[in-house]
1. Once the Cβ-Cβ distance between residue B:29 and residue A:179 is put in as r, and R0 is 22 Å, what FRET efficiency do you end up with, to the nearest 0.05?
2. When only Cα pairs under 8 Å and 6 or more residues apart are kept, what is the percent relative contact order across chain B?
3. What does the C-alpha gyration tensor say about the overall shape of chain B? Classify as rounded when a/c is under 1.5, otherwise prolate if a/b is larger than b/c, or oblate.
4. What whole-number distance in Å separates the alpha-carbon centres of the stretch B:286-339 and the stretch A:116-168?
5. With θ set to phi - 60°, apply the Karplus curve 6.51 cos²θ - 1.76 cosθ + 1.60 along the stretch B:440-455 and write out the HN-Hα couplings as whole Hz, x wherever there is a Gly or Pro.
6. Where nothing but the Cβ of Lys and Arg (+1) and of Asp and Glu (-1) is charged, how large is the charge dipole of the protein assembly as shown around its Cα centre, in debye to the nearest 20?
7. Of the options B:499, A:118, B:120, report the single residue whose Cα projects farthest towards the positive end of the charge dipole of the protein assembly as shown (beta-carbon charges: Lys, Arg +1; Asp, Glu -1).
8. Report the calculated FRET efficiency for residue B:298 and residue B:456 (r = Cβ-Cβ distance, R0 = 22 Å), to the nearest 0.05.
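Coordinate-derived values only; no laboratory data. This is a predicted model, so every value here is computed, not measured. Note: ideal-geometry Cβ built from the backbone for every residue, glycine included; neighbour counts use all protein chains shown.
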Amino acid sequence: MTRFLAVRLLQGAAIVLLVVTLTFVLIRLAPGDPFQRMVEGSPASPQLIAQVRERAGLHLPIHQQYVRYVANVARGDLGDSFSERRPVWDAIRERIPATFVLAFTALLIDFVLGISTGAAQGAHPRSRTDDALTTATLTLYSIPVFWLGVVLMLLFSLNLGWFPIEGSKSSIGYDQLSILGRILDRLHHLILPALTLGLVGAAGTARYQRAAMLDAIRQNFVRSARAKGLTERVVIFRHALRNSLLPTITLFGLSFPILLSGSVLVETVFGWPGLGRFVVEAIENRDYPVVTGSAIVTATVVVLGNLLADVLYWVADPRTRPETWSEG
Amino acid sequence: MKRTRLKLTHGLIAAFLGLMACEPELSCEGNWCGTAIMASSAEPEALLPPLAAYDVDLALGDLLFWKLADVGPESNTFGDDGFVPKLAEAWDFEDPTTIRFQINPQARWHDGTLVTAHDVAFTYEVYTDPAVGFSGRSRLASIASVTARDSLTAIFVFSRHYPEQFFDAVYHMRILPHHLLGDVSHGELISHPFARSPVGNGPFRFVRWNAGEMIELAGDSTFFAGRPGFRRIVWRFVPDPIAIVSQLIAGEADYLSYIPGIENITRVAEHEDLRIEQYDVGVYNFMGFNMRDPEDTSRPHPLFASRDLRRAISMGVDREALTQAVLGEYGRPLVGPVTQSLWVWTDDVDQISFDSAGARQLLSELGWSDPDGDDVLDHGDRRLSFEVIVPASSALRRRTAVILQDQLKQLGVEMTINELEPTVWNTHAMSGEFDAYLQSLAHDASPGSVAEAWTSTGIGGFNAVAYSNPRFDQLVDEATTTFDRDTARTRWKQALNVINADVPAVWLFTPIGVAGVHDRIENVTMPWDEYWKSIWTWRVARDQVITRDLIASN
């Protein structure tokens, strides 16, 4: 198992390197100069542009820039942001907690809601509830996430006034709150963005879980459980649901990249101070170090997320553990 | 069972106590309790005045750092008439090229240190150092030196005598702290922690910056020029246009400097607790014709080298209808590259009026016709077709382009629209890789900024279309060097006539800024050159104080 994990980590490092290489090259191939600005009439002089390009190392051939960048990353230096003119890691470090909180809460909503809905549908296939939930989940799954965010914001924040429109915490008075008060304040701000991101994911998970549940209840062990005279509740929850969860664990690993990309839109709509919005602005400004640095961070998270999904799978189903592979 | 009930009771008590502790302490008395929440779609990249480029950077910069003096309500930039003292309490001309400033002895940095003439000399060094990258460095080119005669006396020596010497000395530079930054290499200033946690000398002091979310400033109750109207200002950064307007309507923000879109202006105006404030912004929009061939900038443009063709296209544009379509009542057609806010403005200049019949006639005289009947004019092998580049981030310019395209189609002119990412658009504009471009330029209080955009010296910079006419350059030079205001006005008028006759651009419109303000905010004035500079005197009406105003500062 340890050897296998080490191999997977090495593979993960190779994937991260590949992602970094692609990002490094693609962002430089994109048209547009990061230092040539003429927004509302304030152009930078050619001399200044040449000077800052040299300072940033952009005067070197791309392969030299790449070698220099990888060497710096190996030393833990992601470079300096062109726009914020400070270490990229400092800027990422400030924003990544907000993105993680949003993504993990959305993941929680996604799986709790998605699995329970899908399980309820799978337990009573072709019932009215199943038909209604199928329509609801398909509709929800078809809605663009940014549009859902705007609708939820207009309904629950602007019209009903239940939630704040934007931000991750109150601008005023937050520091004077008790710890519990701060947690509640943050939850108050988190609910709408996390729901927006989580609901769309939950709709997809529900469809997946419904299929897995339908598959499970047709299995012999479920028939055996019923034949033993167990109550339907025990049959469904203890036997069918538990076994149907195995394929859904695979979804867990696949959810990370979707959540991180979805958070870009949600962060913009709800003014959430996360990494997604920051990266979009960096791409628009051709802030190469921020784009590449963020790619390293997100690729690492996705790789680790997938590894975690594998481990969870092995825990849930010992038959899939690496040490059993040779036996097969 | 008993244990479960006990746990539940403990949980409820804990939740109750927690909720009780959720209310922060409320305290404030007097006239200075207001907390203003300003909504902004953009966030500053740093809070270092020499590198401020956007409105939000400049607005925050002006609340934290003051200039020596500023233009007054009459916007005069000639001599020192009407200028109001800021960090300098007095000044005089020792000789035509030397100005002596007396620093107000009450002025303090927010760490308690005195503001001195050494700070002024240091500020000049920073602003003029190419390593810093101040975009208006050319405006300081005539200042030969700035020195400290004593701790409170700063001496500006100019290399020449000209009418806007005083303006250039005071308007562009916000004074920086020598005692905090003097040891920092100028090139490293922007990455110094000071740029994200500054110590200023203005009416507000920096409190905190939560990246991607908000910046908080606190009113300096001991500020030498008077106590600021708000005790706290929070700038919240909301990139989404729907969310930013909703925030204002929901009462979560008190002020939005620019309401995007006519429909949103109506929404705000109809809200009972809000009002709109209109203000001039000193911005003008135009479609510039590239004088150079984008394929080879050493050659003239195959179409737009012809002044008559540019003139015909300009005649085919109905600017009144276009302005009405894109801005409604919140815009005015332009008479040239100046807005009504500038003192040199006049509508008594030669303009190209909308005349589609005249435009067709002129095109026909130039040899353009449509023998193949495809509704696009031809001249030999050449079609009357060109591309206009538009920044995709600007909804206003995208809409303008579509209407222009339709109007020009009626003439038989094919205009294709290329929407580009702002960075790509900038690169194309700066390198002359375009046929025509839709631009929105801002000018400050001085007509000198207009000169910068349209004289030959601006080529490679603001003058992206590479317009050049020695007569125009000469008239602008005379206008900016004469000490007689009437003569200056006459020269500016002549210069406008020359540039209008040359048609380097179709002058489209000047937008009127429309801000959304909560009714509880009073004393709101918005000077056209820097609408934010009087924010420090705004206040919350005493009978309109709400809970968030009363929450104690940290």
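1. Result of the calculation: an efficiency of 0.15.
2. Values: 1089 pairs, mean separation 107.7, N = 554.
In percent, rounded to a whole number, it is 19.
3. Numbers: a/c = 2.23, a/b = 1.37, b/c = 1.63.
Oblate, since a/c reaches 1.5 and b/c is not below a/b.
4. Answer, in whole Å: 49.
5. 10, 10, 10, 10, 8, 5, 9, x, x, 5, 5, 4, 4, 8, 10, 7
6. Working: 76 positive and 100 negative charges, 1044 e Å.
Computed about the Cα centre, the dipole is about 5020 debye.
7. A:118
8. With R0 = 22 Å, the Cβ-Cβ based efficiency is 0.90.
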